[in-house]
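Let me begin by presenting the structure, written as structure tokens, before commenting on it.
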Amino acid sequence: MSYRLTQYAHGGGCACKIPPGELEEVVRGLAGRVPENPLGELLVGLDDGDDAAAVRIAGGTALIVTTDFFTPVVDDAYDWGRIAAANALSDVYAMGGTPVVAVNLLGWPRDVLPFELAAETLRGGLDVCGTAGCHLSGGHSVDDPEPKYGLAVTGVGDPDRLLRNDSARAGRPLTLTKPLGIGVLNSRHKATGERFDHAVEAMTTLNAAASVAALAAGARCATDVTGFGLLGHLHKLARASGVTARLDPSAVPYLDGARDALAAGYVSGGTRRNLDWVRPHTDLERITENEALLLADAQTSGGLLVAGEVPGYPVIGELLPRSEHTIVVG
């Protein structure tokens, strides 16, 4: 018997995230608290919604810690495992770090789906971690009404060269290292069963090389583009850094078939919530509503958005002194 994993979850991938506005309200007031006798200095925490936490420890090292998990974004269990692992590792790369060790996080409807599929999911995660040079050992599992998978990852980095989302400066270009459109293609896959191999390839491509290239180019500010879409993550970066981003929509790359999927109506609720959240902070007058939806498309395991020019990747805009909006499109 074959199983379509996307049919066992209400959402898919990073599109099932809690909406950004609601999430910020939940965590409000949790930042700034210092534990008793900490063993290290907290460098990056909750304050600006960065991709991971970072702590300076003895020896001049920053520990980078993150976790990420989600419901199936594709029907194939092995591919889902690879995508979820690449997405979790991405948070470390987005901070300019290198992943060292990870543990599995697995939720499984044990009375509904066979454990052979869970094993395939875990195998996918293991293979991606192997490619990343990251140990994967152990983890935690629960009986869950919906299948969920991801990783908790610990990495290391140079505490003086972290890529943070509050370090952007006016006058810098903006670089995007993967094309958009993953969200609408995944929505089409969930609805129709059509397989998009190029979308799977994009989602399973590690952001390791892009992170190294960004650091080599002298970048100090970056984030990865996932469930809040390009506009959502750019808004958070610009807000944290006190700048305005001017985005050139004609320069933004898209996966083949993304515009067709949008035109056919395969837009997730997460994408629409992303656009609703950023609309008050974004000048969208020069583009259509469909173009705005693509820019807000909820990505899964997307690329890095870097404040700076990174050789080999497209420049999609620039950073300006802060004005009325955090983002101006066009």
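What follows is calculated from the coordinates using simple rules that are stated; it is not laboratory data. Model, not experiment: these values are computed from the prediction. A quick note on method: Cβ atoms are made from the backbone with ideal geometry, for glycine too, and the neighbour counts reach across all protein chains shown.
Each Lys or Arg adds one and each Asp or Glu takes one away; over the other residues whose Cβ falls under 12 Å from the Cβ of VAL112, this sums to -3. In the frame of its principal axes, region 172-211 has Cα extents of 41, 19, 10 Å, reported largest first. Mean residue ellipticity at 222 nm, helices only, the chain: -10000 deg cm²/dmol; runs of at least 4 DSSP H residues each add -39,500 (n - 2.57), and the sum is divided by the number of residues. Simple point charges give the picture: +1 on the Cβ of Lys and Arg, -1 on the Cβ of Asp and Glu, and for the chain a dipole about the Cα centre of about 420 debye. Residues whose amide H comes within less than 5 Å of that of ARG164, counting only those at least five positions distant or on another chain, are CYS221, ALA222 (H built at 1.01 Å from N in the peptide plane). Please report how far the C-alpha centroid of region 285-321 lies from that of region 55-133, rounded to the nearest whole angstrom. What the calculation gives is 25 Å, centre to centre. In this structure, THR67 and ALA209 have a Cβ-Cβ separation that, at R0 = 25 Å, corresponds to a calculated FRET efficiency of about 0.60. Around the Cα centre of region 116-192, unit charges on the Cβ atoms of Lys, Arg, Asp and Glu (plus for the first two, minus for the last two) sum to a dipole of about 560 debye. Placing +1 on the Cβ of every Lys and Arg and -1 on the Cβ of every Asp and Glu, with nothing else charged, gives region 173-329 a dipole about its Cα centre of roughly 400 debye.
Starting from the Cα of ALA170, step 7 Å along the direction of its Cβ; do the same at HIS281; then give the gap between the two resulting points in nm. Output for this residue pair reads 1.9 nm. Considering the dipole of the chain built from charges on the beta carbon (Lys and Arg +1, Asp and Glu -1) around the Cα centre, which of LEU117, ALA170, ASN87 is farthest to its positive end? Sorting the options by dipole projection puts first ALA170. Between ALA216 and TYR254, full extension at 0.36 nm per residue minus the direct alpha carbon distance yields a gain of 11.1 nm. Phi angles across region 317-330 convert, under the Karplus curve 6.51 cos²θ - 1.76 cosθ + 1.60 with θ = phi - 60°, into 3J(HN,Hα) values of x, 8, 9, 10, x, 4, 10, 5, 10, 7, 9, 10, 9, x Hz, Gly and Pro given as x. Among GLY107, ILE64, ILE316, which residue has its Cα furthest toward the positive end of the charge dipole of the chain, with +1 on Lys/Arg Cβ and -1 on Asp/Glu Cβ? Working it through, the farthest residue towards the positive pole turns out to be ILE316.
Taking the Cβ-Cβ separation of VAL101 and ARG56 as r and a Förster radius of 22 Å, what is the calculated FRET efficiency to the nearest 0.05?
On the way: r = 19 Å, r/R0 = 0.85.
Given R0 = 22 Å and the Cβ-Cβ separation, E is 0.70.
Calculated on the alpha-carbon coordinates, the convex hull of the chain measures out at 130 cubic angstrom per residue.
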